[in-house]
Amino acid sequence: MSKLLLQSIRREPTPRRPLWIMRQAGRYLPEYRELRKAHSFKALSGNAELAREVTLMPMRRFPLDAAIVFADIMSPLPALGVDFDFDPGPVVANPIRDARGIAELQDPDPEKTAPEVIQALKLSRAELPDSTALLGFCGAPWTLAAYLVEGRGVREFPTLRAFAASEPDLLNDLLGKLTSLMLTYVKAQHAAGADAIQVFDSWAGLLSLTDWQQLIEPHLRRLLEGMGEADIPRIMFLQNAPHLVDAYAQLPAEVIAVDWRVDLPTLQRQCPERAVQGNIDPAILLGGAAATRASARRLLDDVSARGHIVNLGHGILPSTPIESVEALIEIVHEEQQ
Ligand code: CP3
C-alpha cells in the first residue's frame, strides 16, 4: 500500500492530505508523562526499545500518517565526543568557542553514531503498517552549532552571533564537521527504514540574509545535495526566519516546511515544483477544539491539497488538550469524502 506522506512529498494527487505533528511523541500525552516518571528523557531516547514505545505512542492513539523516531537533534553528537544533558533543553558541558574546542572534537565512527536511534527506527518500522510513513530527522548544522557554541538555548543566542562575526573560519570548520556527521547519520537512518528525513533548522533566523548566505548556506546545501544523491526524500524545516524563506526556497529539498509566521498559500505559489508542510500555530490548539477546527479549516481552504502536508508550525505544546489534536485530525480526514 502506498504511503500518503510519500505521495504528497512527490506532489502526486492523494485522496486527502497527510498529517503528522512535530513533537507528536511528547509531554502533551498522559502516557508519555507517566513513562517519564520512571525514566529521564536521556534514558528514554537512549534505549532503542523504550524509544520505539514512545515513537509508537501517538500512533496507537491517533490515525496519523507518519511516525517520527523518538530522539533528539543532539542524539548523534556523542560521536564527536560532546557531553551534554537536558534541562529541559540541551545543556552542553563544555561549549565550543575556540580552535581548541574544535580540534578536540573526535573523528566520528559511523557505527557509533547514535546506534540506539538506528535500532529504534528498525524496531518501529517493524510495527508500523505499510501505509504509515516513518520519519527520521537531524538538526541543521547551524542549529546544532547554536547549542554547541552558546551551551544552551538562550534568547537570540548572542554568544553564537558574536562567534560567527569574530571567528568565521572556526564556525566554518565546526559547520563542516557537523555537516559530514549529519550526512552519515541520515544515510544510516534511511537504511534503517526512515522513508524521509526532516532537517530541523529551528534557529535558522538568527543571522541576516547576507551572513546566512556567506556562512551557513554552503553547508546546508552540501547536506541536502548529499541526501539527494542518496535518494533520500528531504523535508527542510525553518523556524522563525521569515526574512530567509525566499533563500531557503532555493535549496534542494522536496518539501519546504515553515512556521505560522509564513503565508503558506504565497509560498506554495512561489514554489510550484515543491511540496509544502505546515503550519498551524501550536498555541491555537491551546484555545480548544473549536479554535483548532476553525484554524485547520481555513488552512485547508487556503492551501491547495496537491503537495500539502498538514502539520503545526512548530512543536506541539505540552499543555495541549487531546481534544484539540482530535479536532485537527477530524478536519483533515473530512476531506476524504
Ligand atoms: O517530534 C517528535 O515527536 C520526535 C522527537 C523530538 C524531540 N526533539 C524529543 C524531545 C524531535 C524531533 C526533537 C527535535 C529538537 N530538539 C529540536 C528541533 C525542533 C524544535 O523544537 O525546534 C530542538 C531545537 C531540540 C532541542 C531540545 N530538546 C529542546 C529545546 C528541548 C526542551 C524543550 C522541550 O520541548 O521540552 C529538548 C528536550 C526534548 N526533546 C523533549 C522531547 C520530547 C522534552 C523532554 C522531556 O522533558 O520529556
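Exactly one residue out of Glu225, Glu254 is under 30 Å from Asp169 (Cβ atoms) and open to solvent by 10 Å² or more (accessible area, probe 1.4 Å): that is Glu225. Each residue in region 130-147 was checked for being over 11 Å from Trp203 (Cα atoms) and touching a Phe, Trp or Tyr at 6+ places or on another chain (Cβ under 9 Å), and 5 of them qualify. Do we have Ala305 as assigned to a loop (DSSP other than H, G, I, E, B) and surrounded by 14 or more Cβ atoms within 10 Å (Cβ to Cβ) here? Here the answer is yes, as Ala305 does meet what is asked. Given the condition polar (S, T, N, Q), part of a loop (DSSP other than H, G, I, E, B) and either within 16 Å of Ile197 (Cα to Cα) or open to solvent by less than 30 Å² (accessible area, probe 1.4 Å) (or both), answer yes or no: does some residue in region 233-240 qualify? Scanning region 233-240, I find at least one residue that is polar (S, T, N, Q), part of a loop (DSSP other than H, G, I, E, B) and either within 16 Å of Ile197 (Cα to Cα) or open to solvent by less than 30 Å² (accessible area, probe 1.4 Å) (or both), so the answer is yes.
For Pro78, the conditions (1) open to solvent by 50 Å² or more (accessible area, probe 1.4 Å); (2) farther than 17 Å from Met182 by Cβ all hold with the exception of (2). State the number of residues belonging to region 257-272 that are surrounded by fewer than 16 Cβ atoms within 10 Å (Cβ to Cβ) and without any contact (Cβ under 8 Å) to a residue 12 or more places away in the chain. Selection size over region 257-272: 3. Residues that are open to solvent by 10 Å² or more (accessible area, probe 1.4 Å), more than 16 Å from the ligand (Cβ to nearest atom) and among the β-branched types (Val, Ile, Thr) within region 151-188 comprise Thr159, Thr184, listed in sequence order.
Residue count for region 1-10, restricted to those that are open to solvent by less than 60 Å² (accessible area, probe 1.4 Å) and of a type in the set (D, E, K, R): 1. Every listed requirement among (1) under 23 Å from Leu105 (Cα atoms); (2) open to solvent by less than 30 Å² (accessible area, probe 1.4 Å) is met by Ile197 save one, (1). The set of residues in region 91-111 that are modelled with pLDDT under 95 and under 19 Å from Ile73 (Cβ atoms) contains only Pro110. Restricting attention to region 96-122 and to residues that are away from the ligand (no atom under 15 Å from the Cβ), surrounded by 18 or more Cβ atoms within 10 Å (Cβ to Cβ) and not β-branched (Val, Ile, Thr), the residue that is farthest from Leu181 (Cα to Cα) turns out to be Arg97.
Just a yes or no: is a residue in region 161-173 of a type outside the set (A, V, I, L, M) and within 17 Å of the chain's Cα centre (by Cα)? So far as region 161-173 goes, no, none of its residues is of a type outside the set (A, V, I, L, M) and within 17 Å of the chain's Cα centre (by Cα). Among the residues of region 275-293, none qualifies, meaning not one is of a type in the set (Gly, Ala, Ser), open to solvent by 60 Å² or more (accessible area, probe 1.4 Å) and assigned to a loop (DSSP other than H, G, I, E, B). Scanning region 309-337 for residues that are assigned to a loop (DSSP other than H, G, I, E, B) and away from the ligand (no atom under 15 Å from the Cβ) turns up Pro321, Glu335, Gln336, Gln337. The set of residues in region 11-53 that are open to solvent by less than 10 Å² (accessible area, probe 1.4 Å) and basic (Lys, Arg) contains only Arg17.
Kindly establish whether Val199 is more than 16 Å from the ligand (Cβ to nearest atom), part of a strand (DSSP E or B) and either touching a His at 6+ places or on another chain (Cβ under 6 Å) or of a type in the set (A, V, I, L, M) (or both). So Val199 fails the test. So is Leu148 surrounded by 21 or more Cβ atoms within 10 Å (Cβ to Cβ) and farther than 26 Å from Met59 by Cα or not? Yes; evaluated as a whole, the condition is true for this residue.
The values are calculated or read from the model by the stated rules, or taken from the named source; none is laboratory data. What you see is a predicted model, and the numbers here were worked out from it, not measured in a lab. Quick reminder, even Gly has a Cβ in these numbers, built from the backbone with ideal geometry, and neighbours come from all protein chains shown. What goes into the accessible areas is simple: the full protein's heavy atoms, side chains included, and nothing from ligands, DNA or RNA. Shrake-Rupley method; radii C 1.70, N 1.55, O 1.52, S 1.80 Å.
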